[in-house]
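Taking it in order: structure first as structure tokens, then the write-up.
Coordinate-derived values only; no laboratory data. Please read all numbers here as calculations on a predicted model, not as lab measurements. Here the Cβ is made from the backbone with ideal geometry for all residues, glycine too, and neighbour counts use every protein chain on show.
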């Protein structure tokens, strides 16, 4: 066993301390991006709508390219129609990002509604087990979020996507930060 490995763990290379610095920097940048996304939810929401628009344009282009490789008339027609649909959706998001953000907000509301139903069904399936109440709690929170989004729609479009994206970034950044600090402690203990 080398000086940079611990029992039951992945061996660490001598460059690991340098990697910890990069990982720590990335974690801090992700946390900052999360804070800014929450502080400026409309700006981050528009950025999300534009990123989805780029994705749609890319997928539309791929459908057009794939249409050239398809050898059946029905297949070509299907690929071209899908390509047009994606391309128009992407262009719509480029030229009307606020309206695209409103549509994205409705999708997020529908996601929370479906997730809430699934969580509550899962609660009833696991009800006699200890801790299953958290599923009911999660499902009820999802229903509350759905109602908040839908009752205030389209005004909720200005904050939903950006705020939720920011919260996700915060949790990702803090998770990475904690993993990095834990890994650094393991390296320090292994080399001591």
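What the table below lists for this structure:
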{"read-out": "Correct choice for P(r) over Cα pairs in 5 Å bins from 0, in percent that was computed from the model, options (1) 1, 8, 10, 10, 11, 11, 12, 12, 11, 8, 4, 2, 0, 0; (2) 1, 8, 17, 22, 23, 18, 9, 2, 0; (3) 1, 5, 5, 5, 4, 4, 4, 4, 3, 4, 3, 3, 3, 3, 3, 3, 3, 2, 2, 2, 2, 2, 2, 2, 2, 2, 2, 2, 2, 2, 2, 2, 2, 1, 1, 1, 1, 1, 1, 1, 1, 1, 0, 0, 0, 0", "value": "(1)"}
{"read-out": "Most fluctuating residue given options 22, 150, 159, as computed from a GNM of the chain linking Cα atoms under 10 Å", "value": "22"}
{"read-out": "Protection proxy ranking of 101-113, 120-132, 54-66 - average other beta-carbon atoms within 10 Å, highest first", "value": "101-113, 54-66, 120-132"}
{"read-out": "Potential lengthening between residue 134 and residue 91 on full extension [0.36 nm per residue; Cα-Cα distance subtracted]", "value": "11.3 nm"}
{"read-out": "Degrees, to the nearest 10: 16-39 long Cα axis against longest axis of the chain", "value": "40 degrees"}
{"read-out": "Region 30-92 versus region 105-151: alpha-carbon centroid distance in Å", "value": "29 Å"}
{"read-out": "Crossing angle, helix 41-69 versus the chain [Cα axis fit, 0-90 degrees, rounded to tens]", "value": "70 degrees"}
{"read-out": "Nitroxide proxy distance, nm - points 7 Å out along Cα→Cβ at residue 167 and residue 80", "value": "4.5 nm"}
{"read-out": "Helical contribution to [θ] at 222 nm, DSSP H n ≥ 4, -39,500 (n - 2.57), averaged over the chain, rounded to 500", "value": "-29000 deg cm²/dmol"}
{"read-out": "Cα shape, region 40-138, gyration tensor, a/c 1.5 rule", "value": "oblate"}
